[in-house]
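K.L.:
After the structure tokens below, expect a handful of questions from me.
The values are calculated or read from the model by the stated rules, or taken from the named source; none is laboratory data. All of these numbers come straight from a predicted model, not from anything done at the bench. Here the Cβ is made from the backbone with ideal geometry for all residues, glycine too, and neighbour counts use every protein chain on show. SASA here: full protein model, heavy atoms, side chains in, ligands and nucleic acids out. Shrake-Rupley method; radii C 1.70, N 1.55, O 1.52, S 1.80 Å.
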Amino acid sequence: MTSCRGCGKTNLSRVVDLGTVPAADYFPLAAEPVRVEEASHPLAMDLCGDCGLAQLADDDTVADEPRGVEPQALKDQAAAAIEQVERDGILRGHTVLEFGSPHGGTWVPLLSERGFTPTSSRADVVLDCFGIMHEPNQQSAFARRAEMTNPGGVLLLQYHSIATIVAQGQWNALRHGHFAYYSLTTLVRLLDAAGMRVVRTWEFDLYGGTVLLAAVHEEAVEPHGSVMSILRLEDALAVTNPATVAGLQRSADEHVESLRKWLEEEAGAGRKAGGCQVPTSRSCRRTNFLR
């Protein structure tokens, strides 16, 4: 990528480089022969100096998003989220449209039982739970969600916070097929460019720190204190600063070295570790140990 997926500017900085790794969503059958090219896909994160979007640098994999059983934690959190949004008076109108995640799961039944009618056209409530991060062209993805939200309607978008990812060293959140990693600071900018205003947020413990935001078309609406609180925290943490997000590279390197040391100790003790490979990073190339 030579331009930002979110704003189209070219002010990109490489903040994480994990070298070449297997595609996260490739699950060959046991009977298939092992191919060298399985592990030859570059995986890196860039950060835009203009809108602050952390993003997948490139992706030469072919999307193969397997659908698993939705964890109960996700179901429980979805129910809690819609209940909170309803309690705060944010649910509007009568129709609902969902931009789903390729991994499955849906919030539509939670709206249907509250009297909303699912539609494939513009809706009063537009849902996106971890869906938009799968869109290579983030700029057009936000424009599309804004277009599908009725005037007077609300967009509810849930995301895994980059502030959490950095603070907890969750470098393995970076994977092929996930093109964007959001701060609220960045989402305010991208939604503003699409003609929407973030007016409310709710925080949940899912994945260590997940945020649900509500965005509307009305320009005159003042954001709730919950929005300003997160924005102030992100400003203090400097989550759109490349030097801050580059902490993920240090976390990756530290985990690589820790795993390497353990494998070497196990090998020295005569014990075998089946099927292990050390992850790749700039400072530690891929190494096969005991087979």
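K.L.:
Taking the criterion of being assigned to a loop (DSSP other than H, G, I, E, B) and in contact with a Leu (Cβ under 6 Å, 6 or more places away or on another chain), would at least one residue in region 243-256 satisfy it?
P.N.:
To start, the set of residues in region 243-256 that are assigned to a loop (DSSP other than H, G, I, E, B) comprises 246.
Subsequent filtering for residues that are in contact with a Leu (Cβ under 6 Å, 6 or more places away or on another chain) retains none.
Within region 243-256, none of the residues are assigned to a loop (DSSP other than H, G, I, E, B) and in contact with a Leu (Cβ under 6 Å, 6 or more places away or on another chain).
K.L.:
Sticking with this structure for a sec: Mind listing whichever residues of region 34-49 are open to solvent by 60 Å² or more (accessible area, probe 1.4 Å), over 29 Å from R189 (Cβ atoms) and not aliphatic (A, V, I, L, M)?
P.N.:
Initial filter on region 34-49 (open to solvent by 60 Å² or more (accessible area, probe 1.4 Å)): 34-37, 42.
Checking the rest, the ones that are also over 29 Å from R189 (Cβ atoms) come to 34-37.
Listed by number, the residues that qualify are R35, E37.
K.L.:
In region 102-118, which residue that is of a type in the set (A, V, I, L, M, F, W, C) and under 23 Å from the mean Cα position of the chain (by Cα) is surrounded by the fewest Cβ atoms within 10 Å (Cβ to Cβ)?
P.N.:
In the first step, residues of region 102-118 are kept if they are of a type in the set (A, V, I, L, M, F, W, C); the result is 107-108, 110-111, 116.
If we keep only those that are under 23 Å from the mean Cα position of the chain (by Cα) as well, we get 107-108, 110.
Numbers: W107: 21, V108: 15, L110: 19.
Looking at residues that are of a type in the set (A, V, I, L, M, F, W, C) and under 23 Å from the mean Cα position of the chain (by Cα), I get V108.
K.L.:
Right, something else. Provide a single number: the residues in region 240-267 that are among the aliphatic types (A, V, I, L, M), at pLDDT 95 or above and either over 22 Å from L12 (Cα atoms) or open to solvent by 10 Å² or more (accessible area, probe 1.4 Å) (or both).
P.N.:
Adding up the residues that qualify gives 2.
K.L.:
Please name all residue pairs, on different chains or six or more residues apart, with Cβ atoms under 9 Å, provided the first residue is in region 51-75 and is in a loop (DSSP other than H, G, I, E, B) and the second residue is of a type in the set (K, R) and modelled with pLDDT of 80 or more.
P.N.:
C51/K9; C51/R189; G52/R189; L53/R5; L53/R189; A57/R14
K.L.:
Find all pairs meeting these conditions: Cβ atoms under 6 angstrom apart; at least six residues apart or on different chains; first residue within region 1-19 and under 21 Å from S251 (Cβ atoms); second residue of a type in the set (D, E, K, R) and outside any strand (DSSP E or B).
P.N.:
That search, which allows pairs on different chains as well, returns D17/R282.
K.L.:
While we're looking at this one, here's another question. Assuming A173 fulfils every condition listed in (1) open to solvent by less than 20 Å² (accessible area, probe 1.4 Å); (2) without any contact (Cβ under 8 Å) to a residue 40 or more places away in the chain; (3) not hydroxyl-bearing (S, T, Y) apart from one, which condition is it?
P.N.:
(1)
K.L.:
Within region 86-101, is even one residue free of Cβ contacts under 8 Å to residues at least 60 places away in the same chain, of a type in the set (A, V, I, L, M, F, W, C) and open to solvent by 60 Å² or more (accessible area, probe 1.4 Å)? Quick ask: steps written out before the conclusion?
P.N.:
As a first pass, look at region 86-101 and keep what is free of Cβ contacts under 8 Å to residues at least 60 places away in the same chain: 86-87, 89, 94-101.
Checking the rest, the ones that are also of a type in the set (A, V, I, L, M, F, W, C) come to 96-97, 99.
With the extra rule that they be open to solvent by 60 Å² or more (accessible area, probe 1.4 Å), the set shrinks to none.
Within region 86-101 (the criterion being free of Cβ contacts under 8 Å to residues at least 60 places away in the same chain, of a type in the set (A, V, I, L, M, F, W, C) and open to solvent by 60 Å² or more (accessible area, probe 1.4 Å)), the answer is no, since none of the residues qualifies.
K.L.:
Taking V69 as the residue in question, decide whether it is of a type in the set (V, I, T) and modelled with pLDDT under 95. Break it down into steps so the answer makes sense when it comes.
P.N.:
Numbers: of a type in the set (V, I, T): yes; modelled with pLDDT under 95: yes.
Spelling it out, V69 is indeed of a type in the set (V, I, T) and modelled with pLDDT under 95.
This table checks each residue for (1) open to solvent by less than 60 Å² (accessible area, probe 1.4 Å); (2) outside any strand (DSSP E or B); (3) among the charged types (D, E, K, R); (4) touching a Pro at 6+ places or on another chain (Cβ under 6 Å).
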{"site": "G6", "(1), (2), (3), (4)": "yes, yes, no, no"}
{"site": "S13", "(1), (2), (3), (4)": "yes, no, no, yes"}
{"site": "V16", "(1), (2), (3), (4)": "yes, no, no, no"}
{"site": "G19", "(1), (2), (3), (4)": "yes, no, no, no"}
{"site": "A24", "(1), (2), (3), (4)": "yes, yes, no, no"}
{"site": "E32", "(1), (2), (3), (4)": "no, yes, yes, no"}
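K.L.:
How many residues does region 102-157 hold that are touching a strand residue (DSSP E or B) at 6+ places or on another chain (Cβ under 6 Å) and small (G, A, S)?
P.N.:
The qualifying residues number 2.
K.L.:
Here is a further query. Name every residue in region 136-167 that is open to solvent by 10 Å² or more (accessible area, probe 1.4 Å), out of contact with any Phe, Trp or Tyr (no Cβ under 6 Å at 6 or more places or on another chain) and of a type outside the set (S, T, N, Q), in order of residue number.
P.N.:
Residues satisfying the conditions are A143, R144, E147, M148, P151, G152, A163, V166, A167.
K.L.:
Considering only region 206-221, I want to know if a residue exists there that is free of Cβ contacts under 8 Å to residues at least 12 places away in the same chain, open to solvent by 40 Å² or more (accessible area, probe 1.4 Å) and in a loop (DSSP other than H, G, I, E, B).
P.N.:
Taking region 206-221 and keeping what is free of Cβ contacts under 8 Å to residues at least 12 places away in the same chain, we get 220.
Applying the additional criterion that residues be open to solvent by 40 Å² or more (accessible area, probe 1.4 Å) yields 220.
Remaining after also requiring in a loop (DSSP other than H, G, I, E, B): 220.
Within region 206-221, one or more residues are free of Cβ contacts under 8 Å to residues at least 12 places away in the same chain, open to solvent by 40 Å² or more (accessible area, probe 1.4 Å) and in a loop (DSSP other than H, G, I, E, B).
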